[in-house]
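The values are calculated or read from the model by the stated rules, or taken from the named source; none is laboratory data. Predicted, not measured: the structure shown is a model, and the values here were computed from it. All Cβ positions, even for glycine, are placed from backbone atoms using ideal geometry, and neighbour counts span all protein chains on display.
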Amino acid sequence: MHRRELLKATPLLMTPALARADTLPLRFIPNANLSSLDPIWTTALVAQSHAYLIYDTLYGIDATGQLRPQMCAGHDVSADELTWTFTLRDGLAFHDNEKVLARDCVMSLRRWASRDSFGQQLSAATNEIVAMDDRRFQVRLKKPFRQMLYGFGARSCFMMPERMAKTPSSEQVKETIGSGPFRFLPAEWISGARAGYARFDGYVPRHEAPSFYAGGKVANFERVEWIVQPDSATAAAALQKGEVDWVEQPLIDLCPMLRTSPDVLVKVNDPFGWQPIIALNHLNPPFDNPKLRRALLPALDQKAFVAAVIGEQAELGHVPGGYFADGQPMATHAGLEVLTRPRDIGLAKRLVAESGYRGEPVVLLSPSDRPVYSAVSYVTRELFQKLGLTVDFQAMDWGSVVTRRTSQNPTDKGGWSAFITALDGLTVSNPGGNFALRGSGKKAWFGWPTDEKLESLRDAWFDAPDLKSQKALAEQVQLRALEVLPYLPLGQIFQPTAFRSDIKDIVKAMYPLFWGVRRG
């Protein structure tokens, strides 16, 4: 039976209905288990959603792409652009009721900058970050860094108490204390089952309408409860019965059914979309061979990959897609004719043979518990097999993929050749944020490509004086990436979210945000 028909035939599992009242907490099913609480130590998406509940940021990017003050009242920049002075706004307090001080922000910035790819670029351009007094701190630069506010407002740059931020970024923080609109409730956290949050009455929101990661962060619920439910059918059933209020990522195959359910709404809330990709291991055979990587392109059909995820819901997908999210300022179709001209399996097979490929196994990791990734994995296996590659298809849960992908060992000693994931549209909206485009070898993202030209173009993008120059450099980055192929871009998908119709004013953003949302 076809996968979609099987899902339609599966009975939805029910649990006893919970009492409904306006005083109930917001009950939410996240896309994955919250296994780590440190959003600097891990890039896991669920940890970022958790972080936006409890931490605040110095600046925030709004729905128009503007960077607006959040914890900051504002900033000044010296005439030579080498000294940035930031002033914190009044009324900032941590959840332990300690006042937020400039030294907390200094240490948080240092920790973030040691881990984040954007922050590392800032760190390389910085002489020092110092507190001037309780409310002011300075970033003193070696050279101008015009993307400063973007890093602070769009790159998960969360502020923590100084004692927490002193934890090396290679280790997880031991506490979970922020200054955001909600407090984390450690006693209610059971990894794999649930997490709880309570409104922080000491939070003073800005007097502005919320917009993406910016504006006033008003907590309208006294409590937010996360309920981990990996079974998509059970999650959908709970939403239909009113046992939960919001399912972050319903299975796309179930969305048509949910749209017909009384008191349930299904909407695309993320304006950026997601970029499914095939990550390739550049360290070990066979994809250490650039000719073999490029041989895949004539046969790569982005439409087939997107269709495997969205089925007949064409509005949820977009092709062609390059290395930067379509619809964003850096997006370009430069060089994409290699992906848009008629697909040619015969040409690709000839190029595979000419590359010197000798039948080395391609260890393809397939996340069996992530439906989108799993669907893309099967299309990938079929493509590789059509081209004559020897595929060792290894299905496992996503947690195992996350662990396995860190291995740089050969494939016969626990390594890998390719795996499937998706990059969020905000991350891939520009060369600075797209960490998967790095060409820094073993310091790069999983796959570890090495390419000095790719790195130098990225550096130049950071130094570009205006939008026109940035766009021109982004085009060059994409053209170079289509030669090096740090990963294979597969188009763009838009993941719907589903919620009860009495849940109002959900902020449009990449991650689920819990400020502004109310029951009405």
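Here is a check on your reading of the model: is SER170 at pLDDT below 95, among the hydroxyl-bearing types (Ser, Thr, Tyr) and not assigned by TED's automatic domain parsing to the domain that holds GLY60?
no
Checking ASP116 against (1) modelled with pLDDT under 95; (2) at negative phi; (3) surrounded by fewer than 21 Cβ atoms within 10 Å (Cβ to Cβ), which test does it fail?
Of (1) modelled with pLDDT under 95; (2) at negative phi; (3) surrounded by fewer than 21 Cβ atoms within 10 Å (Cβ to Cβ), only one is false for ASP116: (3).
Quick check on ALA422: is it within 14 Å of HIS282 (Cβ to Cβ), among the aliphatic types (A, V, I, L, M) and modelled with pLDDT under 95?
For ALA422, the condition - within 14 Å of HIS282 (Cβ to Cβ), among the aliphatic types (A, V, I, L, M) and modelled with pLDDT under 95 - is not met.
How many residues does segment 475-520 hold that are polar (S, T, N, Q) and closer than 30 Å to LEU292 by Cβ?
3
Condition check: modelled with pLDDT of 95 or more, among the β-branched types (Val, Ile, Thr) and either more than 23 Å from the chain's Cα centre (by Cα) or assigned by TED's automatic domain parsing to the domain that holds LEU423 (or both). Does VAL372 satisfy that?
Here the answer is no, as VAL372 does not meet what is asked.
Would segment 138-152 turn up any residue that is small (Gly, Ala, Ser), surrounded by 22 or more Cβ atoms within 10 Å (Cβ to Cβ) and closer than 17 Å to GLN48 by Cβ?
Step one: list which residues in segment 138-152 are small (Gly, Ala, Ser), which gives 151.
Now restrict to residues that are surrounded by 22 or more Cβ atoms within 10 Å (Cβ to Cβ): 151.
Those still in the list that are closer than 17 Å to GLN48 by Cβ too: 151.
Yes - at least one qualifying residue is present in segment 138-152.
In the list VAL139, VAL46, which residue meets the criterion of being more than 26 Å from the chain's Cα centre (by Cα) and of a type in the set (Val, Ile, Thr)?
Details: VAL46 fails: more than 26 Å from the chain's Cα centre (by Cα).
Only one candidate passes the filter, namely VAL139.
Across segment 121-150, which residue is nearest to PHE446 (Cα to Cα) among those that are in a helix (DSSP H, G or I) and either free of Cβ contacts under 8 Å to residues at least 40 places away in the same chain or out of contact with any Leu (no Cβ under 9 Å at 6 or more places or on another chain) (or both)?
Looking at the filtered set, the residue picked out is GLN121.
Out of (1) in contact with a Gly (Cβ under 7 Å, 6 or more places away or on another chain); (2) over 26 Å from ARG404 (Cα atoms); (3) part of a loop (DSSP other than H, G, I, E, B), what's the single condition that is false for HIS282?
Of the numbered conditions (1) in contact with a Gly (Cβ under 7 Å, 6 or more places away or on another chain); (2) over 26 Å from ARG404 (Cα atoms); (3) part of a loop (DSSP other than H, G, I, E, B), the odd one out for HIS282 is (2).
Take the residues in segment 280-313 that are small (Gly, Ala, Ser) and at pLDDT 95 or above; name whichever of them is farthest from TRP416 (Cα to Cα).
Result: ALA307.
Just checking, which of VAL338, VAL376 is of a type outside the set (D, E, K, R) and touching a strand residue (DSSP E or B) at 6+ places or on another chain (Cβ under 7 Å)?
So the residue among VAL338, VAL376 that is of a type outside the set (D, E, K, R) and touching a strand residue (DSSP E or B) at 6+ places or on another chain (Cβ under 7 Å) is VAL376.
Could you say which residue among PRO276, PRO285 is within 20 Å of the chain's Cα centre (by Cα) and under 29 Å from GLN408 (Cα atoms)?
PRO276
Got a sec? Which of ARG293, ARG350, ARG341 is under 23 Å from PHE435 (Cα atoms) and of a type in the set (Lys, Arg)?
Just a single option satisfies the conditions, and that option is ARG293.
Here is a yes/no grid of residues against (1) among the hydroxyl-bearing types (Ser, Thr, Tyr); (2) free of Cβ contacts under 8 Å to residues at least 60 places away in the same chain; (3) closer than 26 Å to ARG155 by Cβ:
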| residue | (1), (2), (3) |
| --- | --- |
| THR176 | yes, no, yes |
| PHE200 | no, no, yes |
| ARG206 | no, no, yes |
| GLU225 | no, no, no |
| VAL228 | no, no, no |
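Out of SER170, SER211, SER191, report the one residue that is buried (at least 19 other Cβ atoms within 10 Å of the Cβ), of a type in the set (Ser, Thr, Tyr) and within 23 Å of the chain's Cα centre (by Cα).
The unique qualifying residue is SER211.
Within segment 371-395, count every residue that is touching a residue at least 40 places away in the same chain (Cβ under 8 Å) and basic (Lys, Arg).
Number of matching residues: 1.
Please specify each residue of segment 62-95 satisfying the condition of being assigned to a strand (DSSP E or B) and at pLDDT below 95.
None; the set is empty.
Can you confirm whether SER156 is polar (S, T, N, Q), at pLDDT below 95 and at negative phi?
No: the conditions fail for SER156.
Quick one: which residue in VAL266, VAL319 is among the hydrophobic types (A, V, I, L, M, F, W, C) and under 20 Å from TYR511 (Cα atoms)?
VAL266
Given the options LEU339, LEU347, name the one that is crowded, with 21+ Cβ neighbours inside 10 Å and assigned by TED's automatic domain parsing to the domain that holds ARG458.
LEU339
Please go through segment 359-389 and pick out each residue that is surrounded by fewer than 21 Cβ atoms within 10 Å (Cβ to Cβ) and in a strand (DSSP E or B).
The one that is surrounded by fewer than 21 Cβ atoms within 10 Å (Cβ to Cβ) and in a strand (DSSP E or B): PRO361.
Listed residues LEU467, LEU426, LEU457; which is buried (at least 22 other Cβ atoms within 10 Å of the Cβ) and either hydroxyl-bearing (Ser, Thr, Tyr) or more than 30 Å from GLY192 (Cα to Cα) (or both)?
On the way: LEU467 fails: buried (at least 22 other Cβ atoms within 10 Å of the Cβ); LEU426 fails: either hydroxyl-bearing (Ser, Thr, Tyr) or more than 30 Å from GLY192 (Cα to Cα) (or both).
From the options LEU467, LEU426, LEU457, the qualifying one is LEU457.
Quick one: count up the residues across segment 440-450 that are surrounded by fewer than 22 Cβ atoms within 10 Å (Cβ to Cβ) and either more than 19 Å from THR42 (Cα to Cα) or of a type in the set (A, V, I, L, M) (or both).
Selection size over segment 440-450: 4.
If I go through segment 96-120 residue by residue, how many of them are assigned to a loop (DSSP other than H, G, I, E, B) and either without any contact (Cβ under 8 Å) to a residue 60 or more places away in the chain or more than 24 Å from ALA464 (Cα to Cα) (or both)?
Result for segment 96-120: 5.
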